[in-house]
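The values are calculated or read from the model by the stated rules, or taken from the named source; none is laboratory data. Source: prediction; values computed, not measured. So basically every Cβ, Gly included, is an ideal-geometry build from the backbone, and we count neighbours across all protein chains shown. Note: areas computed on protein heavy atoms with side chains; ligands, DNA, RNA excluded. Shrake-Rupley method; radii C 1.70, N 1.55, O 1.52, S 1.80 Å.
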Amino acid sequence: MSTYLIKDVELVNGEKVAIGIADGVIAEISSKPTGSYDKVLDGSGCVALPGLVDLHTHLREPGREDAETVLTGTRAAARGGYTAVFAMANTDPVADTAGVVEQVVRLGREAGWCEVFAVGAVTKDLAGESMAELGAMAHSAAQVRVFSDDGKCVSDSQMMRRALEYVRQFDGVVAQHAQDPKLTVNAQMNEGSVSARLGLRGWPAVAEEGIIARDVLLASHVKSRLHICHVSTAGSVDIIRWAKSRGIDVTAEVTPHHLLLSDELVESYDPKFKVNPPLRSNEDIAALRMGLADGTIDIVATDHAPHPAEDKECEWAGAANGMIGLETALSVVQKTMVDTGLLNWSQVAGRMSITPAIIGRAKGQGVALAVGAPANICIYDPNQSQVVVAAEQISKSKNTPFVGMDLPGQVRHVFFQGKPTMISTQMVAR
Amino acid sequence: MSPELVTELPRHLLSIADLNHDQALLILDTAEELAKISDAPIKKLPTLRGRTIVNLFYEDSTRTRISFEAAAKRLSADVINFSAKGSSVSKGESLKDTALTLQAMGADAVILRHPESGAANRLAGWTNGVVINAGDGTHEHPTQALLDAFTIRRHLGTVGGDLEGKHIAIVGDVLHSRVARSNVLLLTLLGAKVTLVAPPTLIPVGVESWPVQISYAIDQVLPEVDAVMMLRVQSERMQNSFFPSTREYSRLFGLNLDRMNLLKNEALILHPGPMNRGLEISAECADGVHSVILEQVANGVSVRMAVLYLLLGGNIGVGS
Ligand SMILES: [Zn+2]
């Protein structure tokens, strides 16, 4: 295994150092490195972050390999600075058995672009009716710790209570896609002044907030760990803040697109802006940013959701929900949180690497850069900027909502378990 | 009607929001001119000879399709009727493929009726031809609003003028009505005051941003208004508990003889059709002295001629 020295890079505390990598771990962090290395990389102008960890990725394999595969999705993740992703369970077949979760993890290992953790379904076939074999998935080779019916809400209160209780035996967490199904039948976009004007059926904030309120109370009652996926409304932030103040064991994520894009973009009727939960109002965006800044929202997760072109090149109502986001996540967080003064780089490392790894129990990931730590590293240049071009996304699908936007920053080098996956902004051939 | 004025109109007519006050008046004034032709013994103008206009209808609406067809033919255009009912949103040939096909056939304009909101906006992005929205989902129906405004102006306003100071009530299922959305935009653009009357379940969340007043009491509104527009109410809304029964709806919000007597003498009754007689409007009201419902149908042809004339008249070779 080659050894590397990344020179002139800044740690999150601003200290300028060189980082030596050998045998899969960080060999030294020093302003005057003493080791000898095979290759020297330029880190000037860059900040060194622990490899990013995405708690919410749709890799689409098995079942929708036309949209994404474990190989193409993890490669896109590496390009975005990630060294681990959690693959959501809504594949075909659904990841509701030990067999499927082990397959996904194995495909990830074979691809080698980053570590893949499998999320297990809470209910069989995501149908909400009977519990999937959570224990079998937890004790399988995939070691599943995060369970979610994402794409669908575990709407039945009793099922949610049981799942919260049951996963406690293996330190698991239920990640809820909070959406009251009865309030969102055929819902198309955020319910508010824009939906009123556009004549698109509304997805009201209360449909998310009502489920979150119920679930934090359930988690409190059974003393279990709860995670809320893709929080999108100001009211949800308030409820989670209240729950945390009461000591309830709840964590929450926000997506990059909900931090940046508002429902006014739907005026184009362009389905590249169609996502679930939908883009919300500017007031919601402000509340989400504040919530992420003050720690009410613990992490950023992409909800990377690839779809082939034909699923978006149609009328709004017929289009699929979802946006890709792995390759642009860090830039969007810089634009919305760092350049606005709401977060420093140390806090970004917490919200995009360290804390998601803790929530997902991802051993060896999300470890702050230190001598002896696994060499999962993202070297990021915040001084660059680039206009997002859909065709340049290396995800198999090109459905980025940020197309044409000038986003700050660029990932320069990425190391996964001591091996480079990206060097000088170029993917490493393998 | 000089070419300079023609170029003032937007390229497509997707929403009333695409129009400013002067553009809206230009369409109404042009419709007045063209209405005179409809009264003449020879009803045809050569303006659009050699141009191809496609009626692309993904929903049954015989009256709208016939109205556009008559308008196009009176301007000597070639009309192709393309009915694609049932193929929307389902897989198979997509709206985009259809758009590209029509463009390859040299369509100069596509008149689109579609069950999904925003379909006309999408189509406009895929074709070089002019797109006219003939009703998209629960979004808009701009030519319906234009013919409504034209009809109201003929009775209550002055030729060349707007609707400043007039008060118009729109009654019924505003939430699901493209006619209501286009009319709110157009009538207020022309200076009228608009009051929406409906049960709260049929008024969209977010309506606060509309320049209208809201009432739940039709009997208080009717004596105040210069025109009342009754919207079609679909009885299937009952199944989704927007209201408990058609009988209760009719009792609380329907226009009947007693309510008609609350109207000012000169007040108008409009309905975009097709009517549910006995539900939102009684036969006495639909056929009575206040009703201008049949005039709306006749005026529809003139207004659609004006839209085609203004959008296509000055643009030789678009899409071909
Ligand atoms: Zn989800």
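So here's what we get for this one:
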read-out: Carbon and sulfur %, accessible surface of the protein assembly as shown computed with the full protein complex present, 1.4 Å; value: 50 percent
read-out: Those aspartates and glutamates that a straight Cα-Cα span of less than 20 Å connects to A:K39, excepting residues fewer than 8 apart in one chain; value: A:D8, A:E10, A:D23, A:E28, A:D381
read-out: Relative counts (whole %) of C-alpha pair distances in region B:142-296, using bins that are 10 Å wide; value: 11, 45, 36, 7, 0
read-out: Per-residue HN-Hα couplings for region B:21-37 [Karplus 6.51, -1.76, 1.60; θ = phi - 60°; Hz; x = Gly/Pro]; value: 4, 5, 5, 5, 5, 4, 5, 5, 5, 5, 4, 4, 4, 6, 4, 4, 5
read-out: Mean Cα-pair separation over length for chain A, i.e. relative contact order, pairs under 8 Å, 6 or more apart, %; value: 19 percent
read-out: Chain B: Lys pairs at Cα distance under 20 angstrom, eight or more positions apart or on different chains; value: 8
read-out: Translational diffusion coefficient (Stokes-Einstein; Kirkwood radius from C-alpha pairs) of region A:203-244 at 25 °C, 0.890 mPa s, in µm²/s; value: 236 µm²/s
read-out: Cα-Cα over 29 Å, subset of A:K335/A:K396; A:K7/A:K398; A:K124/A:K182; value: A:K7/A:K398
read-out: Descending principal axes extents, region A:50-360, alpha-carbon based, whole Å; value: 50, 42, 40
read-out: q = 0.12, 0.14, 0.15, 0.24 Å⁻¹: log10 I(q)/I(0) that the Debye formula gives for region B:39-141, counting C-alpha atoms only; value: -0.38, -0.51, -0.58, -1.33
read-out: Peptide-level mean, for A:286-296, of C-beta atoms on other protein chains within 10 Å; value: 0
read-out: Protection proxy ranking, peptides B:258-265, A:97-104, average beta carbon neighbours within 10 Å, highest first; value: A:97-104, B:258-265
read-out: Net +/- balance of residues flanking B:L270 in space, Cβ distance below 10 Å, scoring K and R +1, D and E -1; value: -2
read-out: Under 5 Å, built H, 5+ apart or other chain: amide partners of B:I269; value: B:V228, B:S291, B:V292
read-out: Interchain or long-range residues, amide H under 5 Å from A:S385's placed H; value: A:G409
read-out: Karplus-derived 3J(HN,Hα), 6.51/-1.76/1.60, for each residue of region A:23-35, Hz, glycine and proline x; value: 6, x, 10, 7, 7, 7, 10, 7, 6, 10, x, 10, x
read-out: Backbone HN-Hα couplings from phi across region A:342-350 [Karplus 6.51/-1.76/1.60, Hz, Gly and Pro as x]; value: 7, 9, 9, 5, 4, 5, 4, 4, x
read-out: Nearby lysines by direct alpha-carbon distance to A:K363 (threshold 22 angstrom, same-chain neighbours under 8 apart not counted); value: A:K419
read-out: Net charge over other residues, Cβ less than 10 angstrom from the Cβ of B:F242 (K, R count +1; D, E count -1); value: -1
read-out: Coil-residue GluC sites (Glu not before Pro) of region B:230-320, DSSP, other Cβ within 10 Å capped at 16; value: B:E266
read-out: Cβ-derived FRET efficiency at R0 35 Å, A:D294 paired with A:K182, nearest 0.05; value: 0.60
read-out: Contact order relative to length of chain B, as percent, for alpha carbon pairs under 8 angstrom and 6 or more apart; value: 21 percent
read-out: Share, in percent, of DSSP beta bridges within the protein assembly as shown that are antiparallel, nearest 5; value: 30 percent
read-out: Length gained when the stretch A:L217-A:D23 is fully extended (0.36 nm per residue, less Cα-Cα span); value: 65.2 nm
read-out: Values of log10 I(q)/I(0), in the order q = 0.07, 0.08 Å⁻¹, for the protein assembly as shown under a Debye, Cα-only, solvent-free model; value: -0.59, -0.73
read-out: C-alpha long axis of helix A:70-79 to longest principal axis of chain A, angle in °; value: 60 degrees
read-out: Inverse of mean 1/r across different Cα pairs in chain B, Kirkwood, Å; value: 20.0 Å
read-out: Cβ-based net charge around B:N261, under 15 Å, with every Lys or Arg adding one and every Asp or Glu removing one; value: -3
read-out: Reduced Cα scattering model of region A:82-202, Debye log10 I(q)/I(0), q = 0.11, 0.12, 0.13 Å⁻¹; value: -0.43, -0.50, -0.56
read-out: Shielding by partners - mean other protein chain Cβ count within 10 Å, residues of B:117-125; value: 6
read-out: Gain on full stretching of the segment that runs from A:R109 to A:Q386 - 0.36 nm per residue minus C-alpha separation; value: 96.6 nm
read-out: Reciprocal of mean inverse Cα separation for region A:22-98 (Kirkwood radius, Å); value: 15.4 Å
read-out: Under-5 Å amide H pairs with A:D54, H placed in peptide plane, nonlocal only; value: A:A84, A:V85, A:F86
